[in-house]
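Heads up, the thing below is written out as structure tokens.
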Amino acid sequence: MTAVVPIETPTLVSGTPVVLRAHGYEAAIASVGASLRSLTFEGRDLVVPFAADELRPAYRGTTLAPWPNRVVDGIHHFDGVEHQLPLTEPNRGHALHGLLSWVDWNVREATDDSVTLVATITAQAGYPWWVVVSTTFSLDADGLTQTVRATNLSDTPAPWGTGPHPYLVAGPATLDEWTLGLPADTVLEVTPDRLAPVALASVTSDAERFDFREPRVLGAVEIDHAYTGLIPDAGARTTVTLTDPSGTGVAMNWGTDCPWVQIHTADLPAGPGTPGHRAGLAVEPMTCAPDAFNDDAYDFATGVVSLDPGASHEAGWTISAR
């Protein structure tokens, strides 16, 4: 007689929960999507949270891999071969945010202030490569740092990119009242309907909407654009700041491994009154541009990584209270 093996159902909708605590910070990590479910400092939210037993709202807090942002029409060309990815952004007809956002990552090496999760991208239609991905979340006095490391297990080069998707929270006021500091000279223009890349432009081309090199109040602007031409500090780090009128705030910083950042004011199609509408500011440092897998289609460097067989790539970013 064949034994019947029971199927275990995850206890929580968001998967295995891990809570990290150190230096006044508390970070809740969910294994589905290696997602940052919440992050607080001395009890104050630094990101828009979601509940442990809640289906994660869209891509809030997830780890994006093997590409961040979108692949236009789900079609990309790599080493002279055309690939068609499943369309996971049906309203715009694109492949959105990679292949691991709804995968249940394996939890490894958890401590009080650090956890590592691992997932494997299996060769599949549209992405015929095996890539193992690990991510580590760790807390210290500087905040929460996430690093993502990918290793190509295939025998041919694989296109690669990554980034996070947190929605930052400055304080109790509304997003419209927060002050944004964004040290970037260049914005990627996109089509208004499908957000497909068009061309690079100076942030001064529409300064009221895009130029936050000198910190100023966001107001009613709507942004869902990638920026590059980032202006690093003396330590070669780019820092985006968000400040509440009360004086509290949050910052996110990263190194040269992420030459792009997507900024989204979280405007939802149904508008005011919709849960999550303009609830936080998405700040998504990215190793590559939107539609980077189609690098040859653009007259600017997209930053897509060609990951050689056996080679690894690593990137990271830090969220801290201000």
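The values are calculated or read from the model by the stated rules, or taken from the named source; none is laboratory data. In this text the structure is predicted, and so the values were computed from the model without any measurement. Cβ sites come from the backbone with ideal geometry, for glycine too, and all protein chains shown count toward neighbours. Keep in mind that these areas ignore ligands, DNA and RNA; they rest on the heavy atoms of the full protein, side chains included. Shrake-Rupley method; radii C 1.70, N 1.55, O 1.52, S 1.80 Å.
Summary table
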quantity	calculated
Extreme residue, positive dipole direction of the chain, given options SER35, VAL19, PRO157 (C-beta unit charges)	VAL19
Between region 155-188 and region 75-93, the Cα center-to-center distance that results, in Å	23
Carbon/sulfur fraction of accessible area - the chain, other protein chains in place, 1.4 Å, %	54
Volume per residue that the Cα convex hull of the chain spans, once the total is divided by residue count, Å³	156
Cα-only Debye scattering, region 115-204: base-10 log of I(q)/I(0) at q = 0.10, 0.15, 0.18, 0.26 Å⁻¹	-0.50, -1.00, -1.11, -1.20
Orientation-averaged projected area, Cα convex hull of region 1-143 (nm²)	11.9
Fluctuation leader among GLU42, GLU26, GLU222 - the chain, Gaussian network, Cα springs under 10 angstrom	GLU42
Label-point separation, ALA207 to HIS77 (7 Å along Cα→Cβ), nm	4.0
Candidates VAL72, VAL187, VAL103, ranked by Gaussian network fluctuation over the chain, Cα under 10 Å, top entry	VAL103
FRET efficiency, 1/(1 + (r/R0)^6) with R0 25 Å, evaluated for GLU42 and THR147 via beta carbons	0.50
Label-zone membership for region 181-211, site VAL221, 7 angstrom Cα→C-beta point, backbone N under 16 Å	181-190, 201-211
Over the chain: helical MRE at 222 nm, DSSP H runs n ≥ 4 each giving -39500 (n - 2.57), nearest 500	0 deg cm²/dmol
GNM result for the chain, Cα springs below 10 Å: residue of HIS165, HIS97, HIS277 fluctuating most strongly	HIS277
Relative contact order for the chain, counting Cα pairs under 8 Å that sit 6 or more residues apart, in percent	18
Residue-normalised accessible area of region 136-246, given per residue in Å² at a 1.4 Å probe	41
